[in-house]
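For reference, the structure discussed in these notes is given below.
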Amino acid sequence: VVSLKAFSKFENTAEALEAATKLLESAPSKGLRKFLRAHCDGETLGVADSKLGNAIKEKLKIDCVHNNAVMELLRGVRTQLTELISGLGAQDLAPMSLGLSHSLSRYKLKFSADKVDTMIVQAIGLLDDLDKELNTYAMRVREWYGWHFPELTKIIQDNIMYAKAVKLMGDRANAAKLDFSEVLPEEVETELKEAAVISMGTEISDLDLMNIKDLCDQVLNLSEYRAQLYDYLKSRMNTVAPNLTALVGELVGARLIAHGGSLINLAKQPGSTVQILGAEKALFRALKTKHSTPKYGLIYHASLVGQAAPKHKGKISRSLAAKAALAIRCDALGDDQDNSMGLENRAKLEARLRALEGKELGRSAGSAKGKPKIEVYDKDRKKGAGLITPAKTYNPAADSVLSQITNTAALDEQDTVPKKKKKVEAELPQIEKAAELPAIEAKKEKKKKKKKADKEAGLPTNENEPENEEPTEKEKKKHQTEDVENAEVGEKKKKK
């Protein structure tokens, strides 16, 4: 079905590697272009990669075909390659293809953008190991030299300063005549010299002192190497992930990358995962026991979370994780290699932290755009400045139902009493009139009889004398109005 038309072999492995890397990028190499111009003019070319076919069509104006039939043909060519090319045995093809694949893998590892952060992962791992070793060695120096000079442990707290002092001093008897100004502060030096005179430690041989000094050298060398490694890590982090470094710092950023495996893997994680990265054990335990889940993992050691009060650490870690997720994606997939985005987000988070601490009043979390700002009531402020009414005072009398009932009953009694008085006062004159009528009639009859008797006796009568001595109508009305007014005055006094 298939016959060989033309074949061109590579001169060396470097040329083969260059051609293979070009093919991976879907671009024809210089040798391939020459070969196709020489042998494929005016013919149709079958290709396994459609992108490569498009590139050949654009540059060389050769028609290319990419379909299932072509793929089947190429698979057959690969399997029968030794039969098609004369002089190429299977025993030669296997080592050549293996060597080329190894070279290609090394090239991909060297120039892959995804693998830049492997150095960061290794550096932070080594830094953590160095910290553990350094701590172990320093504790051993303190314990070992403590038999000879136990008071020095409390005088010098820093491990590196302790190792330098022990290396310089040796036997504690030498402390009085030595100058520790390069190693220790002045007040610590005087305290050390005073303690060396009255120390309770045992005597120690020169051989033991020599071994202790060697251990001090190890501690000092490790601390110097750790400082160099930290500088290297800082420079790598500022180059690879500048925005993440600006937000959380070099060490926390490097630990997040190491925990995620790579920067690309970390960029695929949401903010909620970044927040609890490093606390997986606590998370799954909480989910299993139905307790509250952890609020932070590795991100807890970031400076922004450290600045927050304990009650605000959860909120700040959530906000920081969300911004860190954006910064990681910007570093991993973005073209710009500056830390402007990280610095901007850090400023926003610092403002949020100040707002949570109460320095900005009345701002609700995250969504205060459409809400009015809450203002404090000030009674001394002018009314024209804004519409703010004072808060209503609490009325304790409203809590009790009994007091309300008694108050209403008392009011009803006050209302009813004056009405009854008015009725009684209005009825009194009528009763008095009714009681006075028979007495008046009796008096009139007596006067009539007296007049008759006087006439019969011839005595003069006083015609102008009033028939009765009772008060007139006007006087009665006057008395009634005075009584009513007096009664009303009394009622008002009672009410007051």
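The values are calculated or read from the model by the stated rules, or taken from the named source; none is laboratory data. Quantities reported herein were computed from a predicted structural model and do not represent experimental measurements. No Cβ is skipped: glycine too gets one built from the backbone with ideal geometry, and neighbour counts run over all protein chains shown. Ligands, DNA and RNA are stripped out before the accessible areas are found, and what is left, the full protein with its side chains, is counted by its heavy atoms. Shrake-Rupley method; radii C 1.70, N 1.55, O 1.52, S 1.80 Å.
Of everything in the stretch 45-54 that is touching a strand residue (DSSP E or B) at 6+ places or on another chain (Cβ under 9 Å) and under 16 Å from residue 32 (Cβ atoms), the residue that is most open to solvent (accessible area, probe 1.4 Å) is 54.
Only a single item in (1) open to solvent by less than 20 Å² (accessible area, probe 1.4 Å); (2) hydroxyl-bearing (Ser, Thr, Tyr); (3) more than 25 Å from residue 224 (Cα to Cα) is not met by residue 162, and it is number (3).
Matching residues to (1) in contact (Cβ under 8 Å) with a residue 60 or more places away in the chain; (2) acidic (Asp, Glu); (3) closer than 18 Å to residue 223 by Cβ:
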site	(1), (2), (3)
155	no, no, no
158	no, yes, yes
178	no, no, no
184	no, no, yes
203	no, yes, no
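Taken together, the criteria exclude residue 198 from residues that are of a type in the set (A, V, I, L, M, F, W, C), in contact with a helix residue (DSSP H, G or I) (Cβ under 9 Å, 6 or more places away or on another chain) and open to solvent by 20 Å² or more (accessible area, probe 1.4 Å). Among all residues of the stretch 237-248, there is at least one that is part of a loop (DSSP other than H, G, I, E, B) and either among the hydrophobic types (A, V, I, L, M, F, W, C) or at pLDDT below 90 (or both).
Just one of the numbered conditions (1) outside any loop (DSSP other than H, G, I, E, B); (2) surrounded by fewer than 16 Cβ atoms within 10 Å (Cβ to Cβ) is not true of residue 293: (1). Residue 251 satisfies every condition listed in (1) in the same structural domain as residue 125 (by the TED database); (2) surrounded by 12 or more Cβ atoms within 10 Å (Cβ to Cβ) except (1).
Take the conditions open to solvent by 100 Å² or more (accessible area, probe 1.4 Å) and either aliphatic (A, V, I, L, M) or assigned to a helix (DSSP H, G or I) (or both) and apply them to residue 18. Does it pass? So residue 18 fits the description; yes. Only one entry in 72, 11, 58 is acidic (Asp, Glu), open to solvent by 70 Å² or more (accessible area, probe 1.4 Å) and part of a loop (DSSP other than H, G, I, E, B), namely 11.
Out of all the residues in the stretch 260-282, is one or more within 29 Å of residue 160 (Cα to Cα) and either surrounded by fewer than 16 Cβ atoms within 10 Å (Cβ to Cβ) or without any contact (Cβ under 8 Å) to a residue 60 or more places away in the chain (or both)? Within the stretch 260-282, none of the residues are within 29 Å of residue 160 (Cα to Cα) and either surrounded by fewer than 16 Cβ atoms within 10 Å (Cβ to Cβ) or without any contact (Cβ under 8 Å) to a residue 60 or more places away in the chain (or both).
Residues that are under 52 Å from the mean Cα position of the chain (by Cα) and either among the hydroxyl-bearing types (Ser, Thr, Tyr) or open to solvent by 30 Å² or more (accessible area, probe 1.4 Å) (or both) within the stretch 172-187 comprise 179, 181, 182, 183, 185, 186, 187, listed in sequence order. Might you let me know whether the stretch 208-226 holds any residue that is small (Gly, Ala, Ser) and either open to solvent by less than 20 Å² (accessible area, probe 1.4 Å) or within 17 Å of residue 122 (Cα to Cα) (or both)? Among the residues of the stretch 208-226, not one is small (Gly, Ala, Ser) and either open to solvent by less than 20 Å² (accessible area, probe 1.4 Å) or within 17 Å of residue 122 (Cα to Cα) (or both), which makes the answer no. Of the residues making up the stretch 16-25, none is farther than 26 Å from residue 107 by Cβ, among the charged types (D, E, K, R) and without any contact (Cβ under 8 Å) to a residue 40 or more places away in the chain.
Here 5, 34, 30 are screened, and the one residue that is of a type in the set (D, E, K, R), outside the structural domain of residue 81 (by the TED database) and open to solvent by 70 Å² or more (accessible area, probe 1.4 Å) is 5.
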